[in-house]
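So the structure is just underneath, and the comments pick up after that.
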Amino acid sequence: MYLTNEEEKILDGEMGEVQERMFRLLVRLGDIYNADKMIKVGSVQVAGVSYKSIGDPGTEFLEDMSSKNTKVKVLTYLNPAGMDLENWEKIGFPKNFAKNQLRIINAFKKMGIIITSTCTPYLAGNLPRFREHIAWSESSAVSFSNSVIGARTNREGGPSALAAAICGRTANYGLHLWENRQPNILIKVKTELNYNSDFGSLGYLVGKTVKNKIPYFTGIKDADTDHLKALGAAMAASGAVALYHIEGLTPEADLVNTKGLEKIEIGKEELNDTFEKLNSNEKPDIVIFGCPHASIREISSICEKINGKKLKKPLWICTSRLMKEAADRMGYTEIINTAGGQIVADTCMVVSPIEKMGFNKTGVNSGKAADYLPGFCKQKVIFANIDKLIEEAI
Ligand code: F3S
């Protein structure tokens, strides 16, 4: 792989032991994937933030890195943590868990990483531009930035994202290259999609069907960014899809080659079957929205639908701290709290220890959460649209 003089110096340890170690990791990855060179990245998003996911070994590793005066070189955000970093006690997160979670957060902060803890960095001040090279980790954020924004990132693991942040670079391979962003399967959607859960159901089904491929959708007439984040998140979860194109909607759809692609049709029946498959048909003991983290539009729409009624079951809306603050200002948080629900920032239903907080059956409108909750949190899932879930909670 070609390395600049500056990069050679990093590799020779002239910039310190940590940079050398991190850069070696990036070069090794580049060699494995036949990268021709390193490229500078505009921003990084680091996953592996929740104490539930990384435990003591991960926490000690991060504390060790931060104790060596390690600093990131580019704008670096964090994936959701395992709890609301401010209101954890009030919401009921276990004390010991919180103590360890805060150690992790402090280590990241010492390295200059912005403590945003969100899987929607693009809604919270980290918005890449079209064709910008970035190194992001969380699968739904990777999907959104590649597909909806047209930025370029592979799905980084926790260590490689941290290495990219510390070195300001990543190896030039995979989805950084235009030739690897071409679709390899065509999905013709033959049904209307209205709710986020419809997009989540479609995403789950397509992910399961195409596994790792790059789908090109036709027949999706309209979709806002909330719909697209729901679609991408579910596809990433069920099939590791890191990039998709939608005719007329996403920025690279007019530029890629769709000739001769294998074609799959998906209609109402297939979507209904997917709903059935993801649904345990139990009654939820909690309803949680915000996978991926809720936008202010989603929070406002939940408020409208609750419409002053009292909730009989716990209801959380997971979101970033920034969206929560906008919700505070708009009076949405007060509306949700008065009804008996909570806006929970910095975390989500999957990376927080909900199974240790007395919840066994969770209602969600997210295809990704429906896919992950049984395995990661031992939950029975009630997968439905927002209207049905709010009805359940009321
Ligand atoms: Fe985000 Fe958690 Fe879903 S990280 S995409 S809210 S599983």
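Key figures
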read-out	value
Qualifying GluC sites (Glu not before Pro) for the stretch 51-96 [loop in DSSP, other Cβ within 10 Å: at most 12]	GLU86
Shape box of the chain [Cα atoms, principal axes, largest first, Å]	64, 56, 35
Compactness of the stretch 1-113, expressed as Rg and Dmax over alpha-carbon positions, Å	16.7, 53
Mean Cα-pair separation over length for the stretch 263-394, i.e. relative contact order, pairs under 8 Å, 6 or more apart, %	34 percent
Formal net charge of residues neighbouring LYS68 (Cβ-Cβ distance under 14 Å; K, R +1; D, E -1)	-2
For the stretch 62-204, the spread of Cα positions along each principal axis, largest first, Å	51, 38, 21
Environment charge at PRO94 (Cβ cut-off 11 Å; Lys +1, Arg +1, Asp -1, Glu -1)	+3
Whole-number Å³ per residue for the convex hull built on Cα positions in the stretch 268-365	115 Å³
Extended-chain gain in nm, criterion 0.36 nm per residue less alpha-carbon gap, ASN87 and ASN257	56.3 nm
Exposure proxy ranking, count of Cβ atoms within 10 Å, fewest first, for PHE23, PHE376, PHE97, PHE383	PHE376, PHE97, PHE23, PHE383
Ordering of 303-315, 125-137 by packing [mean C-beta count within 10 Å, highest first]	125-137, 303-315
Whole-angstrom gap from the stretch 181-238 to the stretch 337-394, using each part's C-alpha centre	22 Å
Percentage relative contact order, the stretch 1-123, counting C-alpha pairs under 8 Å, at least six apart	26 percent
Proxy reagent accessibility, fewest Cβ within 10 Å first, across MET83, MET330	MET330, MET83
Likely footprinting exposure, LEU389, LEU3, LEU177, LEU85, fewest C-beta neighbours within 10 Å first	LEU177, LEU3, LEU85, LEU389
Relative contact order (percent, whole number), the chain, Cα cutoff 8 Å, 6+ residue spacing	18 percent
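Each reported figure results from applying straightforward, stated rules to the coordinates on display, with no laboratory input. It should be emphasised that the depicted structure is a prediction, and the values quoted were computed from it without experimental measurement. Counting neighbours? That spans all protein chains shown, and the Cβs are built from the backbone with ideal geometry, glycine included.
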